[in-house]
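Student: Mind looking over this structure? Questions follow.
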2 protein chains.
Amino acid sequence: MRVLLVGAGGVGTAVTRIAARRDFLAHMVVADYDLIRAESAVAALTERADRFSARRLDASDEDAVRRLLTEERCDVLLNATDPRFVMPLFRAALAAGAHYLDMAMSLSAPHAERPHEECWVKLGDDQFELADSWAESGRLALVGMGVEPGLSDVFARYAADELFDEIEEIGVRDGANLTVEGYDFAPSFSIWTTIEECLNPPVVYERDRGWFTTAPFSEPEVFDFPEGIGPVECVNVEHEEVLLIPRWVDARRVTFKYGLGDDFITKLKTLRQLGLDATGKVTVPGEDGPVRVSPRDVVAACLPDPATLGDRMTGKTCAGTWVKGVKDGAPREVYLYHVVDNQWSMGEYGSQAVVWQTAVNPVVALELLASGTWSGRGVLGPEALPPRPFLDLLTEYGSPWGLREQG
Amino acid sequence: MRVLLVGAGGVGTAVTRIAARRDFLAHMVVADYDLIRAESAVAALTERADRFSARRLDASDEDAVRRLLTEERCDVLLNATDPRFVMPLFRAALAAGAHYLDMAMSLSAPHAERPHEECWVKLGDDQFELADSWAESGRLALVGMGVEPGLSDVFARYAADELFDEIEEIGVRDGANLTVEGYDFAPSFSIWTTIEECLNPPVVYERDRGWFTTAPFSEPEVFDFPEGIGPVECVNVEHEEVLLIPRWVDARRVTFKYGLGDDFITKLKTLRQLGLDATGKVTVPGEDGPVRVSPRDVVAACLPDPATLGDRMTGKTCAGTWVKGVKDGAPREVYLYHVVDNQWSMGEYGSQAVVWQTAVNPVVALELLASGTWSGRGVLGPEALPPRPFLDLLTEYGSPWGLREQG
């Protein structure tokens, strides 16, 4: 399999390190807007690094992406950029006749009058609009194939297939006890994406009502995370699983709650109140006169790059899917989860826990596609494909998942 | 008197409106980096507007400022820019042989190892360093001549001259009950300056110890403000009065506390934790490639211009000086204050309360200098000059001050 990896940030770099250990990969072109970043990712590889090459690429330039896919005879494009670049990359792959994987879906747009009640453009809507074209092309666009969305969706399908007869609620729950030495505040994941997820109106699915939105930070609950992480305050957040799971898995309700904690919630609310979450540009003095910049880009530039914090970080991160329903006539409640200890991921791969946990899942998926264990056409979520081979291969990668009976 | 006013922002514009009603002014050149701003200020004047003209001027260009002072034969430069431009304007006035007034002093720099205990460069240090040159030139640099510093310093001198035999503590206390309709958060004064004041280590003076610093937001106290504003939580903030008052008024302790309120304190702490208070530049994507911008400028650009909020604002702002000591052998405690109701300042001058309150004081000072009631040479604070004529003329301007006995 020949892969075009777009984006050599934290997740992209971790993808190269994980894929380098696997035989299924014939070649991976590592492309980034910043060629030095792409070259550094490739230069750091020690295992069969001749299968990797670096290229400069502007992810927003659809034609350039299509040409690179063709030129490098890539079977699949793996998108490891931030969600702003989903659509040009998604269209370029379709145009080039390549398969496509991403870890975040096309962006939403809030309802003008009732943003905290009704959906307008939903996450992934722009991608599903092209579902017919993808199906006709015979190619697969496997969307939301990171850890969350991604592994969390695989868990949902696994629960539906093997653990429940009937599902009342599926709630993805994400929490961590990561701390970074020497920083007052250092998010463990892209602040651009975190702001997007947390400040957009959260989306909820109910069978009788369809998709709807709430105010940010709604329905706070304390969720007890496994493996020593413990209880963390979680709130509703806009996330792809809520849009993906109901398309393939039958459940009365689907939510996503993120264990942000009080302090982070305060900071995000402040960014919103000050207008610093905005992506629209403002005019400020530059070195040679006024320039136009996006406040959110400035917020990101002021914070340390989360991918570089691994060696100052301690703790674990947990991604998982809580499912409540009925099995064999009795009520059942389980939490299917995946925990990564930062010390382990740094020692094994030199990658920070959250970044590594995101990166391992698309590599597992690529391997399943390369072997033909997974196959499909059109625009599919991870829950559209058989979950067991995925979970088994993830364990084979040295990173097992867990199941906790509860309730 | 011919005046060069530098800065046609909120305060500068209010200065033109107040000065236009007074006879002492022969001519005022209104200069701004943005000529349109200067022209708009002049165009809005209805009373004897022929005494005003607009010019483009870069306040950081010392030579250009000196040339303009000479060319326009100005007697005095009134600095209504933000504190970054104090030094070039101060030096340009000295070089041109003009008097100089400002409303904020040259900036401080924190102690590298013990920022919350010791001073390093203090507010105004750079200006007082040139005190001999000013004295030799026979010209007056009247520094800190707004409302706070400014009127607050006049109050301190008035208390020492007329109300106390001995002063234990002088504490400037600033509070408001202003709200702005339609905004989650809209500071009523320049956010650039507010960040500078509030996040720098606050400075405190004690007779036995000299000047020293504390951690930001130290010594919280609830101060009850007059005329219906009521109790507001105040904290120590770096402010010029603490540096000025002890040079001319004998007191055991001098502090400045600002009624920020919990919500504003949380926002400022968040800005600091996220590094968004920084003035050093960061690199972010611009429209034609990477650009370098100051995060604090971006914060300012995201918020509404406080000078434009007057018609959505309601409430009052209070500036004042609390003095505790002994008079005729008995303990005494007074609060000398000046309250501006936004509705009044908008109705009378079309200027928002905080901006108007800042602007009226340098105009009163200019009038006292023009009449020869106030005179001096060298670098002086407002407390170096007789307070009574100032307070009387302020009342004549339609904006009386108050005295509350308390304790």
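Student: Can residue B:296 be described as over 15 Å from residue B:189 (Cβ atoms), at pLDDT 90 or above and charged (D, E, K, R)? Before the answer, list the steps.
Tutor: Working: over 15 Å from residue B:189 (Cβ atoms): no; at pLDDT 90 or above: yes; charged (D, E, K, R): yes.
No; evaluated as a whole, the condition is false for this residue.
Student: Of B:361, B:342, which residue is buried (at least 21 other Cβ atoms within 10 Å of the Cβ), under 22 Å from residue B:162 (Cα atoms) and within 20 Å of the chain's Cα centre (by Cα)?
Tutor: None of the others qualify; the one that does is B:361.
Student: Just checking, which of B:320, B:325 is closer than 24 Å to residue B:380 by Cα and either assigned to a helix (DSSP H, G or I) or modelled with pLDDT of 95 or more (or both)?
Tutor: Details: B:325 fails: closer than 24 Å to residue B:380 by Cα.
That would be B:320, the only listed residue that is closer than 24 Å to residue B:380 by Cα and either assigned to a helix (DSSP H, G or I) or modelled with pLDDT of 95 or more (or both).
Student: Right, something else. Pull out all pairs, ordered by first then second residue, where Cβ-Cβ is under 8 Å, the residues are six or more apart or on different chains, the first lies in segment B:359-379 and is on the phi > 0 side of the Ramachandran plot, and the second is of a type in the set (Asp, Glu) and surrounded by fewer than 18 Cβ atoms within 10 Å (Cβ to Cβ).
Tutor: Within 8 Å, the pairs are B:378/B:132.
Student: Just to check your reading of the model, which residue among A:198, A:119 is closer than 22 Å to residue A:296 by Cα and in contact (Cβ under 8 Å) with a residue 40 or more places away in the chain? Show your work before the answer.
Tutor: Values: A:119 fails: closer than 22 Å to residue A:296 by Cα.
After ruling out the rest, the residue left standing is A:198.
Student: While we're here: Condition (residue is within 14 Å of chain B (Cβ to nearest Cβ), touching a helix residue (DSSP H, G or I) at 6+ places or on another chain (Cβ under 9 Å), closer than 27 Å to residue B:281 by Cβ and not polar (S, T, N, Q)) applied to segment A:307-327: is it met by at least one residue? Full working, then the answer.
Tutor: Here is the first cut: in segment A:307-327, the residues within 14 Å of chain B (Cβ to nearest Cβ) are none.
Taking every residue of segment A:307-327 in turn, none turns out to be within 14 Å of chain B (Cβ to nearest Cβ), touching a helix residue (DSSP H, G or I) at 6+ places or on another chain (Cβ under 9 Å), closer than 27 Å to residue B:281 by Cβ and not polar (S, T, N, Q).
Student: If residue B:330 passes every condition in (1) away from chain A (no Cβ under 11 Å); (2) out of contact with any His (no Cβ under 9 Å at 6 or more places or on another chain); (3) touching a residue at least 12 places away in the same chain (Cβ under 8 Å) but one, which one does it miss?
Tutor: For residue B:330, the failing item is (3).
Student: Report, by residue number, each residue of segment B:345-358 that is part of a helix (DSSP H, G or I) and surrounded by fewer than 24 Cβ atoms within 10 Å (Cβ to Cβ).
Tutor: B:346, B:347, B:348, B:349, listed by residue number.
Student: Search segment B:253-285 for residues being at the interface with chain A (Cβ under 9 Å from one of its Cβ atoms) and small (Gly, Ala, Ser), and hand back the single one that is nearest to residue A:271 (Cα to Cα).
Tutor: B:275
Student: Could you say which residue among A:70, A:46, A:81 is in contact (Cβ under 8 Å) with a residue 40 or more places away in the chain and polar (S, T, N, Q)? Outline the logic, then answer.
Tutor: Values: A:70 fails: in contact (Cβ under 8 Å) with a residue 40 or more places away in the chain; A:46 fails: in contact (Cβ under 8 Å) with a residue 40 or more places away in the chain.
Being in contact (Cβ under 8 Å) with a residue 40 or more places away in the chain and polar (S, T, N, Q) holds for just one of A:70, A:46, A:81, which is A:81.
Student: From the list B:366, B:380, B:385, B:393, which one is surrounded by fewer than 24 Cβ atoms within 10 Å (Cβ to Cβ) and under 17 Å from the mean Cα position of the chain (by Cα)?
Tutor: Details: B:366 fails: surrounded by fewer than 24 Cβ atoms within 10 Å (Cβ to Cβ); B:385 fails: under 17 Å from the mean Cα position of the chain (by Cα); B:393 fails: under 17 Å from the mean Cα position of the chain (by Cα).
Testing whether each residue is surrounded by fewer than 24 Cβ atoms within 10 Å (Cβ to Cβ) and under 17 Å from the mean Cα position of the chain (by Cα) leaves just B:380.
Student: Out of B:379, B:363, report the one residue that is β-branched (Val, Ile, Thr) and assigned to a strand (DSSP E or B).
Tutor: Values: B:363 fails: assigned to a strand (DSSP E or B).
Just one listed residue meets the conditions, B:379.
Student: Here is a further query. Go through segment B:15-33 and count every residue that is within 23 Å of residue B:395 (Cβ to Cβ) and surrounded by fewer than 20 Cβ atoms within 10 Å (Cβ to Cβ). Can you show your working first?
Tutor: Initial filter on segment B:15-33 (within 23 Å of residue B:395 (Cβ to Cβ)): B:15-25.
With the extra rule that they be surrounded by fewer than 20 Cβ atoms within 10 Å (Cβ to Cβ), the set shrinks to B:21-24.
Final tally of qualifying residues: 4.
Student: Okay, moving on. Can you tell me which of (1) surrounded by 14 or more Cβ atoms within 10 Å (Cβ to Cβ); (2) modelled with pLDDT under 95 is the one residue A:220 doesn't meet?
Tutor: Checking residue A:220 against (1) surrounded by 14 or more Cβ atoms within 10 Å (Cβ to Cβ); (2) modelled with pLDDT under 95, the one that fails is (1).
Student: Moving on to the next point. Select from segment A:130-146 the residues that are surrounded by fewer than 24 Cβ atoms within 10 Å (Cβ to Cβ) and either among the polar types (S, T, N, Q) or closer than 15 Å to residue A:390 by Cα (or both) and list them in ascending order.
Tutor: A:133, A:137
Student: Return the only residue of B:242, B:291 being under 30 Å from residue A:291 (Cβ atoms) and either within 14 Å of chain A (Cβ to nearest Cβ) or not small (Gly, Ala, Ser) (or both).
Tutor: Details: B:242 fails: under 30 Å from residue A:291 (Cβ atoms).
B:291 is the lone residue from the list that is under 30 Å from residue A:291 (Cβ atoms) and either within 14 Å of chain A (Cβ to nearest Cβ) or not small (Gly, Ala, Ser) (or both).
Student: Could you please let me know if residue A:152 is of a type outside the set (Phe, Trp, Tyr), out of contact with any strand residue (DSSP E or B) (no Cβ under 7 Å at 6 or more places or on another chain), modelled with pLDDT of 95 or more and surrounded by 15 or more Cβ atoms within 10 Å (Cβ to Cβ)? Don't jump to the end; show me each part of the working.
Tutor: Details: of a type outside the set (Phe, Trp, Tyr): yes; out of contact with any strand residue (DSSP E or B) (no Cβ under 7 Å at 6 or more places or on another chain): no; modelled with pLDDT of 95 or more: yes; surrounded by 15 or more Cβ atoms within 10 Å (Cβ to Cβ): yes.
No, not satisfied.
Student: Now, a different point. Given the conditions (1) among the charged types (D, E, K, R); (2) in contact with a Phe, Trp or Tyr (Cβ under 9 Å, 6 or more places away or on another chain); (3) without any contact (Cβ under 8 Å) to a residue 24 or more places away in the chain, report the number of the one that residue B:405 does not fulfil.
Tutor: (3)
Student: Let me ask something else. Restrict the check to segment B:77-94 and report whether at least one residue is more than 23 Å from residue B:306 (Cα to Cα), crowded, with 18+ Cβ neighbours inside 10 Å and basic (Lys, Arg). So that I can check it myself, show each step before the final result.
Tutor: Quick first cut of segment B:77-94, residues more than 23 Å from residue B:306 (Cα to Cα) only: B:77, B:87-94.
From the residues that got through so far, the ones that are crowded, with 18+ Cβ neighbours inside 10 Å too are B:77, B:88-94.
Then keep just the ones that are basic (Lys, Arg); that gives B:91.
The answer is yes, given that some residue of segment B:77-94 is more than 23 Å from residue B:306 (Cα to Cα), crowded, with 18+ Cβ neighbours inside 10 Å and basic (Lys, Arg).
The values are calculated or read from the model by the stated rules, or taken from the named source; none is laboratory data. All values reported here derive from a predicted model rather than from experimental measurement. Using ideal geometry, Cβ is built from the backbone for each residue, glycine included, and neighbour counts are taken over all protein chains shown.
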